[in-house]
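The values are calculated or read from the model by the stated rules, or taken from the named source; none is laboratory data. In this text, all values refer to a predicted model and were calculated from it rather than measured experimentally. Note: ideal-geometry Cβ built from the backbone for every residue, glycine included; neighbour counts use all protein chains shown. Accessible surface is based on the protein model in full, side chains and every heavy atom, while ligands, DNA and RNA are left aside. Shrake-Rupley method; radii C 1.70, N 1.55, O 1.52, S 1.80 Å.
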Amino acid sequence: IYNNYDGGVVGEIPTIDSDAGLSFLGGMIRVPVELMDIKALLSVPIAERCFGGSLAKLLVTAGVFSAINFLSIVGICSGFESDNGVKWSASRELVAQGVSNLAAAASGSAPVSGSMSRSLVSRMTGASSQFACLTTALLWIYMMPYMSVMSPTPKAALSAVIVSAVVKNVFLPKKIMALRGVDFVVGASTAACTAITSPTLGFGV
């Protein structure tokens, strides 16, 4: 490992005890995931801490996030369907996202969402099947106690992986160029706004 790198690195990654978590079948199967105390979770004044005490603001923010997240998933699924012939169902995706976010809330994770860049990286490596998704999920779960090995990873290396999957479409946006009339204006304007304002946040969307 190169120890004299001065750039940004991933840094400390919180881990859990490999012996902690849920166990099934008398300990034969162990899932290293710690569930949050529901009573403690409900007693945290999230609305007061982050939304000025307004439950309405909390609900509106969550609703907007859900809508934008689903639009992102629609775009990802549509791309996979047109380019790879992978069929998708809106109702199935909604259920999957709902269940995923319930699990995220129970384990204290951030909200689950779709990511075009991560999906393109998966497709670039040939991982586009349900089995690939299952394998990825299990690796995430069982490698959590050992993720500290990734701490010295340069952020530039992670960025390069993402860029390698999207750079072609950035410089040669075939789907935008194929649009006509008002659709082209809307598509090109959205892409330009996103690139100019904040590509990481996708503000143009």
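For residue 195, only one of the following conditions fails: (1) surrounded by 13 or more Cβ atoms within 10 Å (Cβ to Cβ); (2) free of Cβ contacts under 8 Å to residues at least 40 places away in the same chain. What is its number?
(1)
So which residues in the range 75-88 are open to solvent by 40 Å² or more (accessible area, probe 1.4 Å), at pLDDT 80 or above and among the hydrophobic types (A, V, I, L, M, F, W, C), if there are any at all?
Answer for the range 75-88, where residues must be open to solvent by 40 Å² or more (accessible area, probe 1.4 Å), at pLDDT 80 or above and among the hydrophobic types (A, V, I, L, M, F, W, C): just 88.
Quickly run through the range 122-135 and pick out the residues that are closer than 19 Å to residue 69 by Cβ and either among the polar types (S, T, N, Q) or touching a helix residue (DSSP H, G or I) at 6+ places or on another chain (Cβ under 8 Å) (or both).
Residue satisfying the conditions is 122 alone.
State which residue is nearest to residue 115 (Cα to Cα) when the search covers only the range 64-74 and only residues that are of a type in the set (Val, Ile, Thr) and surrounded by 11 or more Cβ atoms within 10 Å (Cβ to Cβ).
Here the answer is 73.
Which number in (1) of a type in the set (D, E, K, R); (2) modelled with pLDDT of 80 or more; (3) closer than 24 Å to residue 167 by Cβ marks the one condition that residue 93 misses?
Condition (3) is where residue 93 drops out.
Only one of these is modelled with pLDDT of 80 or more, within 21 Å of residue 78 (Cα to Cα) and open to solvent by less than 80 Å² (accessible area, probe 1.4 Å): 187, 126, 114. Name it.
Numbers: 126 fails: modelled with pLDDT of 80 or more; 114 fails: modelled with pLDDT of 80 or more.
None of the others qualify; the one that does is 187.
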